[in-house]
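Trainee: Before we start, here is the structure in question, set down as structure tokens.
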Amino acid sequence: MLDNFGLRFLAAGQALEVVSTDGMDVALLSSYDGTEIIHHRLRAESSWAIGPSEGWTGSEFIFLLAGEMSVKVKDNIRILKAGDSLNASLLTHDCFFQANEETEFLYVTSQPVFYHYSNVLQGMRELAIQVEEKDGYTADHCKRILQLSMTIGERMKLNSTELYQLNLGSFLHDIGKVKVPENVLNKPGKLTSEEWEVMKMHPTYGKEVLEEANFPFLEVAAIVEQHHERFNGTGYPKGLQGEEISVAAAIVSVVDSFDAMTTDRVYRKALTHEEATAEILKGRGTLYHPEVVDHFIAILSDVKGGEIR
């Protein structure tokens, strides 16, 4: 009855709309006159960011409900815990958030963003389900690639937009495998030359899948298409070299190679951590972007078997 008096009630657990992905759940609680109130739940080690927007003079407010997250601006870091809050207006630098444990917060913004989140996150979820249904190895592999790629991207001081694109591109880099025949994708032995040519199409297929799904970021499609390119031009599908390859794709290339080397497959045993590291170093400046390799090697003390400890 009270709805007739201009009041709208939501019971506990209800929302106007909810979208989820592997690292984050986002629920729209209120949207009126350009202002949105959004409930975020970040899983441990997941990242999020806000940044300056040209021509926008609005404000954003964050109130931590549970958990703990680190807030980083340039080289400055502050920890937010339950009950802490943050006001942001006229941002001058990118602001990065890292959930140190499962974290919930309210995000109030005068710049409507939820339906942008909704389209991107829902698209990620649907694509990820397709990969997992076809190839369980690829699904777990993509989660590892996402985590390690983001660590390198942050070390290389990519801005919030670039990190967002890296987040999506690293997770979806193998999405093209949904178009690879299962007898090729899951073959227990070595591929024939013809089968290998089919497998090498998956970066191109990945770009096509994103385009068919009306995915909104051309840069993400480029990461997916370029993640098997090599610094000296010997990669595929286009034989790009050096700076022709995006930095994000170069990051995924190194991490993807290391993870593949250190993971058991039906047709071969995994290399040891040390053997795989030696292979990456051997390819520095030839197969792999030298700066990316340097940052990768620098964080190896936090890596075991391809995963961050």
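Trainee: How big is the equivalent ellipsoid of segment 43-183 along its three axes, where each semi-axis is √(5λ) from the Cα gyration tensor, reported in whole Å from largest to smallest?
Mentor: Values for segment 43-183, descending: 30, 16, 15 Å.
Trainee: Amide H neighbours of L172 under 5 Å, at least 5 residues apart or on other chains, H built in the peptide plane: list them.
Mentor: Result for L172 returns nothing.
Trainee: If the only charges are +1 at each Lys and Arg Cβ and -1 at each Asp and Glu Cβ, what is the size of the charge dipole of the chain around the Cα centre, to the nearest 20 debye?
Mentor: Dipole about the Cα centre, nearest 20: 560 debye.
Trainee: With +1 on each Lys and Arg Cβ and -1 on each Asp and Glu Cβ, and nothing else charged, work out how big the dipole of segment 146-244 is about its Cα centre, in Debye to the nearest 20. If you can, show how the numbers build up before the last one.
Mentor: On the way: 10 positive and 15 negative charges, 64 e Å.
In debye, rounded to 20, segment 146-244 gives about 300.
Trainee: Only helical DSSP H runs with n ≥ 4 go in: add -39500 (n - 2.57) per run for the chain, normalise by residue count and round the 222 nm mean residue ellipticity to 500 deg cm²/dmol. Numbers along the way, then the final one.
Mentor: On the way: 10 runs with 118 residues, N = 309.
The per-residue figure over the chain is -12000 deg cm²/dmol.
Trainee: Also: Given springs between every Cα pair under 10 Å in a Gaussian network model of the chain, which of Q14, Q165, Q147 has the largest fluctuation?
Mentor: Its mean-square fluctuation being the largest, the pick is Q14.
Trainee: Please state the relative contact order of segment 2-112 as a whole percent: Cα pairs under 8 Å, 6+ residues apart?
Mentor: Relative contact order of segment 2-112: 31 percent.
Trainee: With no solvent and one equal point scatterer placed on each C-alpha of the chain, evaluate the Debye formula and give log10 I(q)/I(0) for q = 0.12, 0.15, 0.16 Å⁻¹, two decimals.
Mentor: So the normalised log intensities are -0.85, -1.25, -1.39.
Trainee: Okay, next question. Out of L287, L86, L146, any idea which swings most in a Gaussian network model of the chain, alpha carbons joined below 10 Å?
Mentor: Highest fluctuation of the listed residues: L86.
Trainee: By count of other Cβ within 10 Å, fewest leading, how are V108, V73, V224 ordered?
Mentor: Ascending number of Cβ neighbours within 10 Å: V73, V108, V224.
Trainee: Could you work out how much longer the chain between S85 and E279 gets when fully extended? Use 0.36 nm per residue separation minus the Cα distance between them, nm to one decimal.
Mentor: Numbers: separation 194, 0.36 × 194 = 69.84 nm, distance 4.58 nm.
Here the answer is 65.3 nm.
Trainee: Hey, rough spin-label estimate for I77 and F9, points 7 angstrom out along Cα→Cβ, what's it come to in nanometres?
Mentor: If labels sit at I77 and F9, their model points lie 4.5 nm apart.
FYI, it's all coordinate maths here, none of it is from the lab. None of the values given here were measured: they were computed from a predicted structure. Reconstructed Cβ throughout: ideal geometry from the backbone, glycine too, with neighbour counts over all protein chains shown.
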